[in-house]
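Below is one structure; the comments refer to it alone.
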């Protein structure tokens with residue numbers, strides 16, 4: 001086995017296209033982006049790795065300084081304002097729209113991120 005790293009996913013997708021290696025482990029959203037923007041041809045298949053959670057929560061990190069604390073505060077305020085909007089959901093899910101797990105992501109988003117609120121996205 002050979003481990004190849006690069007400074008960007010773009011370089012890795014180009015190497016895969018040129019048969020420099022046979023497979024690549026990456027996030028589904030990254031692979032979907034590569035296919036939809038023609039970085040990667042559609043000859044490749046996405047194969048789910050069993051035993052992994054289908055989606056992961058992400059966070060924002062900043063330095064522990066006055067500036068960093070203000071950035072986190074601003075991000076939290078912005079998320080509270082937009083997290084229930086349909087446009088925010090569409091932006092988050094734009095690279096999974098044609099994926100078999102788009103509906104699964106929708107359920108994850110509303111049950112884990114929105115925290116079981118009955119409020120529907122605002123249009």
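Since every read-out is calculated from the coordinates, none of them should be taken as a lab result. Worth saying up front: this structure is predicted, and the values here are computed from it rather than measured. Neighbour counts are summed over all protein chains in view; Cβ atoms, including those assigned to glycine, are modelled from backbone coordinates with ideal geometry.
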Plugging the Cβ-Cβ distance of residue 81 and residue 115 into 1/(1 + (r/R0)^6) at R0 = 22 Å yields, to the nearest 0.05, a FRET efficiency of 0.90
Taking 0.36 nm per residue of separation between residue 21 and residue 106 and subtracting their Cα-Cα distance, the length gained on full extension comes to 27.3 nm
Here the Kirkwood hydrodynamic radius of segment 17-84, Cα-based and in Å, equals 15.6 Å
Cα-only Rg/Rh for segment 8-52 with Kirkwood Rh rounds to 0.94
Between residue 74 and residue 29, the FRET efficiency computed from the C-beta separation at R0 = 22 Å comes out, to the nearest 0.05, as 0.35
